[in-house]
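Below is one structure, written out as structure tokens; the observations come after it.
The values are calculated or read from the model by the stated rules, or taken from the named source; none is laboratory data. Note that the structure is predicted; figures quoted are calculated from it, not measured. Counting neighbours? That spans all protein chains shown, and the Cβs are built from the backbone with ideal geometry, glycine included. Surface accessibility is based on the protein's heavy atoms, side chains included, excluding ligands, DNA and RNA. Shrake-Rupley method; radii C 1.70, N 1.55, O 1.52, S 1.80 Å.
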Amino acid sequence: MATKSPDDIKQSDEWQKAVDYAITDNDIERQEKLLGYMQAAKTREYIQTATTDNIRNFAHGTGDDNPLFCDPEYARGTRWGSVIAPGMMVGQINAPMLGDAPGDDIKALRKSLWKGVHVFVSGSTWDWYRPVFPGDTIYSYNGDETSEVKTSEFSGRSVITVRKDVKINQRGEVVAVYRILRVLTERKTAAKKGKYSALEPATYTDEDIAKVDEVYAAEMVRGAETRNFDDVQVGESLGKMAKGPLTVTDVIVYHAGGYGFVPYAPTVGRLAHKNRKRIPAFYVKNEYGVPDVAQRLHWDPVWAQAIGNPMAYDYGVMRESYLWHYLNDWAGDDGVITHVHDEIRKFNYMGDVQTITGEVTGKREEGGQNLVDVKVIFTNQRGDETVRATATIALPKKGGIAMYPEVPRDLAEEAAKMMQRHWELSRKK
């Protein structure tokens, strides 16, 4: 059987079925009724408990070789006394949390909600309250906080939702709160509009690659050299970092570090067969007639082009991890990243290079902490701004120590109730 081109795929019954799902008024109304409902996350991520090995693998999956994450002997000599996980990793760790089952009304609202609609991460807000150490198991509960209908250039009608994920360790301590900005779009509308279809893949000469390599060679891990609050000046640069040119290998390595197995659970063989029965709308035949995950638009250019993109592209979460890498390289082992807000503004296509730059925008003392505010920009080789972010970093004064912030009382009480229920149900099993 001859393979099919993106245009061939668009003419097939399979493609028409895959992109025929629409955002409906009924979906929007049901989503509104679900706002504020928080439930224990019963999902089992690829990583449930942090270890020295999976922490290192996650760090390497983002290109981060900081010995604080990768070298236990080095890490024992730091203020932490051990390897700790990069902050963004806590978003990818989850053990099933026990909780009360949703009522019939919630089940009815969720049934087939957003069926066949494409979802991508467009940004997030993070607040961290403590680090993750080897041996820490992470549980979470989550729910949507807001929902807004918009019209976008790329996909026409879309829905923007913010989901709150509260991450808790086995001691019942709140580790972080992760608010995920998700964009839900209709595949058929994006494909018809083809906003980015004229973009050509980037190509590179040896000289071009050499220029990127110069940036890599100049990057520095601050590490054990303490960056003191007293020495930081408003307006100073955070330096330059490169990521790319993006390859399919980058996506594979990020997955290998632990990302991307929930909720769609791409799997192999018999497990894939069972998964197709569970969520048939997520599987679309490829050009060879084989059912494959719609998620493959991150590595399959034919499918990416069939639904309106010129090339495969990264996950927004990958660039969020790159952002944390950049910030932590600047902050050093003694600094604490307490807050990040990022906006994923454009796609990062295969072959694109991201240049990351930032600067200090403010200094303040608040709640006994010495805080530095920064802004960060990602720019690709076409000069497009693809990520815009702000962050807050706690730094020590000379002779002092930077600490994580206290967990807000209402959050601590909410988390304690959820974890108490988990423990109660655990004892009954």
Treating only the Cβ atoms of Lys and Arg (+1) and Asp and Glu (-1) as charged, compute the dipole magnitude of the range 274-429 about its Cα centre; round to the nearest 20 debye.
900 debye
Which far-off residues, 5 or more places away or on another chain, put their amide H under 5 Å from the one on residue 123, with H placed in the peptide plane?
181, 344
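Give me the number: length gained by fully extending residue 213 to residue 264, i.e. 0.36 nm times residue separation minus the C-alpha to C-alpha distance, one decimal in nm. Intermediate results must be reported in sequence, preceding the final value.
Numbers: separation 51, 0.36 × 51 = 18.36 nm, distance 3.61 nm.
Fully extending the segment from residue 213 to residue 264 adds 14.7 nm.
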At a 1.4 Å probe radius, carbon and sulfur cover how many percent of the accessible area of the range 181-329?
56 percent
Over the chain, average the accessible area per residue using a 1.4 Å probe and give it in Å², no decimals.
46 Å²
Relative contact order as a percentage, the chain, C-alpha pairs under 8 Å and 6+ apart, gives 19 percent
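Decide, for the chain, between rounded, prolate and oblate: order the square roots of the alpha carbon gyration tensor eigenvalues as a ≥ b ≥ c, take rounded if a/c falls under 1.5, and otherwise choose prolate if a/b is larger than b/c, else oblate.
Values: a/c = 1.77, a/b = 1.22, b/c = 1.45.
Because a/c hits 1.5 or more and a/b fails to exceed b/c, the chain counts as oblate.
With a Förster radius of 22 Å, plug the Cβ-Cβ distance of residue 37 and residue 173 into 1/(1 + (r/R0)^6) and report the FRET value to the nearest 0.05.
That gives a FRET efficiency of 0.35.
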The range 191-322, dipole about Cα centre (Lys/Arg Cβ +1, Asp/Glu Cβ -1), debye to the nearest 20
1340 debye
Give the residue from 419, 357, 284 lying farthest towards the positive end of the charge dipole for the range 278-429; charges sit on Cβ (+1 for Lys and Arg, -1 for Asp and Glu) and the dipole is referred to the Cα centre.
419
Residue 205: net charge of surrounding residues, Cβ under 15 Å, Lys/Arg +1, Asp/Glu -1, itself excluded?
-4
Projected onto the charge dipole of the chain (+1 at Lys/Arg Cβ, -1 at Asp/Glu Cβ, origin at the Cα centre), which of 48, 401, 34 gives the Cα projection farthest towards the positive end?
34
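Please give the net charge around residue 121, taking every other residue with its beta carbon less than 9 angstrom from that of residue 121, where Lys and Arg add +1 and Asp and Glu add -1.
Working: positive: 182; negative: 320.
Counting the neighbours of residue 121, the net charge comes to 0.
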Positive end of the dipole of the range 228-350, charges at C-beta (+1 Lys, Arg; -1 Asp, Glu), about the Cα centre: which of 348, 251, 267 has its Cα farthest in that direction?
267
Kindly provide the helix-only [θ] at 222 nm of the chain, computed as the sum of -39,500 (n - 2.57) over DSSP H runs of four or more divided by all residues, to the nearest 500 deg cm²/dmol?
-8500 deg cm²/dmol
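Mind putting a number on the dipole of the chain about its Cα centre? Charges go on the C-beta only, +1 for Lys and Arg and -1 for Asp and Glu, and I need it in Debye to the nearest 20.
Details: 56 positive and 61 negative charges, 386 e Å.
Using only the charged Cβ atoms, the result is roughly 1860 debye.
At a 1.4 Å probe, what is the % contribution of carbon and sulfur to the accessible area of the range 52-121?
Numbers: 1430 of 2960 Å².
Looking at the range 52-121 in its full context, I get 48 percent from C and S.
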